[in-house]
Amino acid sequence: MTRRAALLRRLRRNERGAALVEFALTAPVFLLVLLGIFDFCWQMYAQQVLQGAVSEAGRDSTLQAYALDQSALDDRIETQVLNVFQSATMSFTRKAYDRFDQVGVEENYTDENASGTYDVGECYDDFNNNGRWDADRGIEGNGGAEDVILYTVSMTFDRVLPVWKMLGQPQSTTLSYSTVLRNQPFATGSDAPPDECL
C-alpha cells in the first residue's frame, strides 16, 4: 500500500502535462471568442462599405439628371459593394414624403374604438393613394421636385467564418443603410393630397 500511496502522491505533485490539459479546456472558448470578434469586425467592415457607397451616390440621387431613372445609381452602389463582397445580393427602396417630419409616420386615422391602433373599417387619410391604410405614409419611388426621399439599401451576404454555426445562427446576414435626402427644385413638386377620410 505504501508504494501505491507514494505513486499517487508523486502524480499529484507532478505538473508535467498540466498546460496541455488547461489548453484543452480553454482553447474552444478562446477560439470561439476570437472567431466571434473577427466575424463582428467583418460585418462592421461590410456596414462601412455599404454606408460609404450609399452616401456617395445619395447626393446624386436628388439631382434632376437621375429623377426618372435611378437604376444607374443603384448599379453604381452595387458595383462598389460587389468589389469587396462578391457574393452579396442587393436591394433598393425609395419612399417619398413632402416634409422631413413625415418620414416613417403612419397615415392619419380615426380611432373609433379607442384601441390605439388602426382597425379595418376605421376612417383614414390615404396619403399615398394606394387604397389602404399604411403604417408608413411614404409613396414608393423617387418622388418629385423638393420631395424628401428615404433611400434604403440592403445587402445580404454569407459570413466567412464558421462562428455562425457554433452559435446556432444563420450563415447569411443582412445589413441595411438608409439616408434621407431632399430632391432639388428641378420641377413643380407634388404636394400631399388634402386630408380626406376614406
What residue, among those in the stretch 30-71 that are in contact with a Phe, Trp or Tyr (Cβ under 7 Å, 6 or more places away or on another chain), closer than 21 Å to Q184 by Cβ and not in a loop (DSSP other than H, G, I, E, B), is modelled with the highest pLDDT?
V54
For T79, indicate whether it is at pLDDT 80 or above, within 33 Å of the chain's Cα centre (by Cα) and of a type in the set (S, T, Y).
yes
Inspect all residues belonging to the stretch 136-158 and state whether any of them is touching a residue at least 40 places away in the same chain (Cβ under 8 Å), more than 25 Å from S71 (Cβ to Cβ) and either under 19 Å from the mean Cα position of the chain (by Cα) or assigned to a helix (DSSP H, G or I) (or both).
yes
For the subset of the stretch 149-179 comprising residues that are modelled with pLDDT of 90 or more and of a type in the set (A, V, I, L, M, F, W, C), which member is farthest from L73 (Cα to Cα)?
F157
Criterion first (surrounded by 13 or more Cβ atoms within 10 Å (Cβ to Cβ), part of a loop (DSSP other than H, G, I, E, B) and either within 24 Å of the chain's Cα centre (by Cα) or at pLDDT 85 or above (or both)) does R132 satisfy it?
no
Could you figure out which of (1) in a loop (DSSP other than H, G, I, E, B); (2) modelled with pLDDT under 85; (3) more than 19 Å from R182 (Cβ to Cβ) isn't true of S115?
(2)
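The values are calculated or read from the model by the stated rules, or taken from the named source; none is laboratory data. None of these values were measured; they are calculated from a predicted model. Glycine also receives a Cβ, built like all others from the backbone with ideal geometry; neighbour counts cover every protein chain displayed.
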